[in-house]
Amino acid sequence: MSQFGSKVDTFAKMETAVKICFAIFALLQCVCAQDGPDDPRCVPITNSLCQGVGWTVGTVPNFLNQHDLRTIDDEVSQYLPLYDTGCSNAFLHFLCSIYYPPCFQNNVTGSLQTVVWQPCQELCDYVYCSCLDSVLRLGGEWPDRLVCPRFPSHRKGEACFPGNVELSFLEDLVLPTIPERELPISRKCTDIPGPSPNTSTPTTPTTTLPSSTLHCPIPTLAAPNGSGDRYSLGSQVGCSVPCDSSVYYDSDDADTTIPVVILIFSVLSLVLSVLMISAFLIDRSRFYYPERPVVYLGVNFILLSAALLLSSIATLANYPFACEDESLVIYQRLPAANISFRGVLCILIAILLYYTTMATLVWWVVLTITWLLATTLKWAAEAIAKFWIVYHIVGWGLPLVQTIIVVGVQWIDGEAGSGVCYLGNLDMVAKGVFVFVPTLAYILLGLVIFTISCLSLFNIRAQIKRQHDSEKVTRLHKLLLHVLLFSLLFTLPNLILCVIYIFELANEDQWEINLLCQLSQSHCPVQSNSNTAAPVAMVAFKYILWVFPCSSLLVWVLSRKTLQSCGHLMWSISEQDQQGYRGSVHNYNGSLPRDIK
């Protein structure tokens, strides 16, 4: 009740101040009505931002010479993020006195007069005092049209609004509530800075606020560092995705479930890849061409699994690489001098993930080419191995070119739930062009070449059968089984992953609109009744499929040859130990070393 009474007192003070200003203004000057298109006229204020400031009728054109009410409303609405910060209790009084200046009509002199008041410079100084920091945090600077020295000063005896510029009066102004918006806690300036007596040069920045920084209606989602044009959330440009995954996914524990799944499967993939490389180091003759590219697949899976493992551990430790100061997900902003350490880690992880992912796909194509040379063109292993430098240039160079392009276009971003930095989490164009298309192209190209190789193997099988060589037929059957199983374990997860990419491309807008509606009902699209959130199960399954092709290495690891190689290695190590022990016993002469005697 006391709050309501204070508001009534404030509006009474406003009304008294308006009447006093009107009387002073009427005595000092007379604005006579004249015919013409630019004559000031009084119009009802319909904009929700200015309906509770103490006057209901504004002047058109305003001091910015704006005639169209829609244009005025659109420009005023751009300051909603600044209102949401609650930077000043008098912010709307100042803003609306510029865009909808108080308008009164009087016929004191016998003819109808339209009396228009500009805001006082002291009112501008009061708002500027506490709102400048908020403007800078939103990534902009104080607009030149709001520079305070351009307004009349009440201290100099000039007529202006609100007439009373005492600090106590300005502190009593109440920030009005906007319909369907939460009233922020407003701040007050403790002192009004006076104008410089020796100069009229504006002391405030004269650069206008970038439109992109004011487009996001939710201040907590406003894109940082003036990079709003790179962000988009639903229909709102300049908004980013919050790191609070509970509002984006269909489960409240998404930031735990997804990282745990990534952790488990990345560890399994890492162990399997290390076993694969160990088998190669124990017996290199097993992995000669055309099978040698399998080794490089294992190297890539080690790096890929390590990057995912590191990201999941950081997320579970409440230090997700994908989040900037645990508020918004990161969007690459290189080159930037003020990029945070977490932002650097995010970009490095994304580069490693993208490079190794593309490298596994390219080496898959190289593997199918070497199989084609061996089966269809009947090349010997030595002939295939001659072109090893070409395979390496393609296998490592092509993904490197792709990665350089990705870093150049600055499309690296973070994912809230997983904490993984990659490409296309926030931008569907990036996901479609740089992730979905290359993945599908490499898989299909490899499948075409692999199919030709398999047809050649079946022809070879038919020829061997005619020779009635059962041993060769059995060996060929084993080879066919190995090759088919390897290809199935590698290509099927990637094809399913492409289907998930298509599903994400088709539904990302709806998920973002759902997020926007949860955070701000007033900015929820009218035509949208979607309550669809991103499914946690699908996101977790996507990361499983990302590392699951590593299981194709089991075809080469889980075999009798691997066990035999490990047995030979252990036997040779034990033999060396026994020989060393026998040698030490044989050389012992029963005397102690001199330093012990």
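Read-outs: derived from the displayed coordinates by stated rules, not from any lab. Keep in mind it's a predicted model, so treat the numbers as computed, not measured. All Cβ positions, glycine included, derive from the backbone under ideal geometry; neighbour counts span all protein chains shown.
So between ILE502 and LEU377, what do we pick up on full extension, going 0.36 nm a residue minus the alpha carbon distance? Walk me through the numbers before you get to the answer.
Working: separation 125, 0.36 × 125 = 45.00 nm, distance 3.71 nm.
Roughly 41.3 nm would be gained on extension.
On alpha-carbon atoms, Rg over Rh for the stretch 444-493 using Kirkwood Rh? Display every interim value, and only then the final one.
On the way: Rg = 12.3 Å, Rh = 11.6 Å.
Reported Rg/Rh (Cα atoms, Kirkwood Rh): 1.06.
What are the ³J(HN,Hα) couplings of the stretch 476-483, residue after residue, when phi is run through the Karplus curve with 6.51, -1.76, 1.60 and θ = phi - 60°? Round to Hz, x for glycine and proline.
5, 4, 5, 5, 4, 5, 4, 5
Taking neighbour counts of Cβ atoms within 10 Å as a proxy for exposure, in what order, fewest first, do TYR289, TYR354, TYR126 appear?
Numbers: TYR289 22, TYR354 25, TYR126 28.
Placing the least packed residue first, the sequence is TYR289, TYR354, TYR126.
Quick one: which of LYS478/LYS542; LYS431/LYS542; LYS386/LYS472; LYS378/LYS465 span more than 22 angstrom between C-alpha atoms?
Numbers: LYS478/LYS542 32 Å; LYS431/LYS542 14 Å; LYS386/LYS472 27 Å; LYS378/LYS465 18 Å.
Pairs exceeding the cut-off: LYS478/LYS542; LYS386/LYS472.
Average projected area of the Cα convex hull of the stretch 245-315, in nm²? Working shown, then result.
Details: hull surface 22.2 nm².
With every direction weighted equally, the projected area is 5.5 nm².
Given H placed on each backbone N at 1.01 Å, which residues far from VAL329 in sequence or on other chains put an amide H within less than 5 Å of it?
Here VAL241, CYS243, GLU324 satisfy the definition.
Exposure proxy check: CYS550, CYS124 ranked by fewest other beta carbons within 10 Å?
Working: CYS550 28, CYS124 25.
Ordered from fewest to most neighbouring Cβ atoms within 10 Å, CYS550, CYS124 come out as CYS124, CYS550.
If neighbour count is taken as other Cβ atoms inside 10 Å, put TYR442, TYR543, TYR288 in order from fewest to most. Show your work: numbers first, answer last.
Values: TYR442 20, TYR543 23, TYR288 12.
Neighbour counts put them in this order, fewest first: TYR288, TYR442, TYR543.
At a Förster radius of 51 Å, what calculated FRET efficiency corresponds to the Cβ-Cβ distance of VAL409 and LYS465, to the nearest 0.05?
Details: r = 54 Å, r/R0 = 1.07.
That gives a FRET efficiency of 0.40.
Give me, ordered by chain and number, the residues 5 or more places off LEU233 or on other chains with an amide H under 5 Å from its own placed amide H.
Amide H to amide H, under 5 Å and 5 or more residues apart or across chains, LEU233 pairs with GLY238, CYS239.
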